[in-house]
Amino acid sequence: VKVTSGTAAGLRADPAAAPLGCLVSRQKHTLPDLPYDYAALEPHINAEIMQLHHSKHHATYVNNLNVVEEKYKEALAKGDVTAQVSLQPALKFNGGGHINHSIFWTNLSPNGGGEPKGELMEAIKRDFGSFANFKEKLTAVSVGVQGSGWGWLGYNKEQGRLQIAACANQDPLQGTTGLIPLLGIDVWEHAYYLQYKNVRPDYLKAIWNVINWENVSSRYATSKK
């Protein structure tokens, strides 16, 4: 069963956005569909969490991003640099929220769990010693995020190796560290509180059962091109 958001997935041209001066018309962001039902990840992540997380939280980031981009376009047209600067925190927060969650949903699967195979597994062994060490390190980094944020496995293209990183709030991994995102773990309380209360380590133990290693491997293969 495919969960739909009520809007088309991906990007859609905004018919109301006419070109302003030298600016091209902007495409409006939309909430992507989930490739599985809200209940598909149970018992590890329950349906109530998934529904609220996707249809409310992610949708809010998308809606706010569209509002901020419209204001930014107006500021650009007016040459108002002060307004452009003042809008950047909201652009980073809501844009990051949209980017991060769009990756997160595909990183999960009801057929997930286990261990990766092929080149990704070899890279994990090369850069972390073993899959167990990698899993332990990413879990520890994610548990250790103060307040809200994300734990990430990313690819450092310059150095040709995998790296683990943590990002605060909705800071996007690539936009703030340069690492290409492969696997993101959302540790905002809205991702787990209704089921795991304030025990983040229990949520992190459970999420490994639904990690979509095919998706992560595909991202890794693409990142090396």
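The values are calculated or read from the model by the stated rules, or taken from the named source; none is laboratory data. In this text the structure is predicted, and so the values were computed from the model without any measurement. Heads up, the Cβs are rebuilt from the backbone with ideal geometry, glycines too, and the neighbour counts pull from every protein chain shown. Note: accessible area is taken over every heavy atom of the protein model, side chains too, but ligands, DNA and RNA are not part of it. Shrake-Rupley method; radii C 1.70, N 1.55, O 1.52, S 1.80 Å.
Structure notes:
- Any chance THR176 is open to solvent by 60 Å² or more (accessible area, probe 1.4 Å), in a helix (DSSP H, G or I) and of a type in the set (Ser, Thr, Tyr): yes
- Residue list for the range 105-161, filter: hydrophobic (A, V, I, L, M, F, W, C), open to solvent by 10 Å² or more (accessible area, probe 1.4 Å) and outside any helix (DSSP H, G or I): VAL145
- Residue check, ALA59 over 19 Å from TRP188 (Cα atoms), modelled with pLDDT of 95 or more and surrounded by 17 or more Cβ atoms within 10 Å (Cβ to Cβ): no
- You will find that of THR177, THR222, the residue that is of a type in the set (Ser, Thr, Tyr), under 16 Å from the mean Cα position of the chain (by Cα), on the phi < 0 side of the Ramachandran plot and modelled with pLDDT of 95 or more is THR177 and no other.
- Any hit, the range 10-27, residues being open to solvent by 60 Å² or more (accessible area, probe 1.4 Å), modelled with pLDDT of 50 or more and among the charged types (D, E, K, R): no
- Index of the failed condition, HIS98 passing every other in (1) outside any loop (DSSP other than H, G, I, E, B); (2) at pLDDT below 95; (3) under 16 Å from the mean Cα position of the chain (by Cα): (2)
- Sole exception among (1) under 22 Å from VAL187 (Cβ atoms); (2) surrounded by 17 or more Cβ atoms within 10 Å (Cβ to Cβ) for LEU87, by number: (1)
- The number of residues in the range 62-78 that are of a type in the set (A, V, I, L, M), open to solvent by less than 30 Å² (accessible area, probe 1.4 Å) and either within 24 Å of ALA191 (Cβ to Cβ) or touching a residue at least 40 places away in the same chain (Cβ under 8 Å) (or both) comes to 3.
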